[in-house]
Every structure is written in structure tokens, then in C-alpha cells.
Amino acid sequence: AANSAHLATFLKAAAPFYEAFGGRRVRLLQNVDDPGRFIHEIEYDTHEVIELNRQRVASDPRVQAYLQTWRSLLPGSIEIDVYQDAG
């Protein structure tokens, strides 16, 4: 099971990374019924920034290295979903 304190520390250290890629706000949410499950939420200002980051996920070596670190901290599958404000 992933250690929530370790993950939170990793997120804080990665703050400049998120800012460089247009992230406005980042949160780590832990499932209270299943403490081994997390949601890593990244908020962006515009849809265009989201699309740019989707391309970076596929091609930028820095993003790939970061995701590899995430995968080593979180056993199991990692899903990436995009949501928009419904209001």
C-alpha cells in the first residue's frame, strides 16, 4: 500500500514541475474506505493547456520520468481522466 505522507511529500517536491506545465492547483485525495486508493487532481486554467499536457504525457521525457516515479510509488494501474467544469 502506498504511504500517503510519502506521496504528499513527492507532490510538494514536484510543484515546480506542475507549474512549468501549466498546472494551477494540485491535490492528492485518499479514499477513506480504501486507503490504498488515491486520486491525484491537477487543475488547469484552459482546455488548451490540458490538450498540450496530454501530448506531453505521450512524448516529453521529463513527463515520462515523472510518471514512472508515480508508478513505482503506486502499485497497480494508473488511470488518467480529463474532466471539465459542468457549471
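Heavy-atom accessible surface of the chain, averaged per residue, reaches 75 Å², computed with a 1.4 Å probe. Spatial offset of region 50-74 relative to region 2-25 amounts to 13 Å, using the alpha carbon center of each. For the chain, with all protein chains in place and a probe radius of 1.4 Å, 51% of the accessible heavy-atom surface sits on carbon or sulfur.
Once both axes come from the Cα atoms, what is the angle between helix 4-13 and the longest principal axis of the chain, in degrees from 0 to 90, rounded to 10? Computed tilt is about 30 degrees.
Amide H contacts for TYR44 (H built 1.01 Å from N in the peptide plane; partners 5 or more residues away or on another chain; cut-off under 5 Å): ARG24. Ellipticity at 222 nm from helices only: DSSP H runs of n ≥ 4 in the chain, each -39500 (n - 2.57), divided by the residue count, give -14500 deg cm²/dmol. Nearest 10 degrees is fine. How inclined is helix 47-59 to the longest principal axis of the chain, computing both from alpha carbons? Approximately 70 degrees, to the nearest 10.
The values are calculated or read from the model by the stated rules, or taken from the named source; none is laboratory data. On a predicted model such as this, the values are computed, not experimentally measured, just so you know. These accessible areas exclude ligands, DNA and RNA; they are computed on the full protein's heavy atoms, side chains included. Shrake-Rupley method; radii C 1.70, N 1.55, O 1.52, S 1.80 Å.
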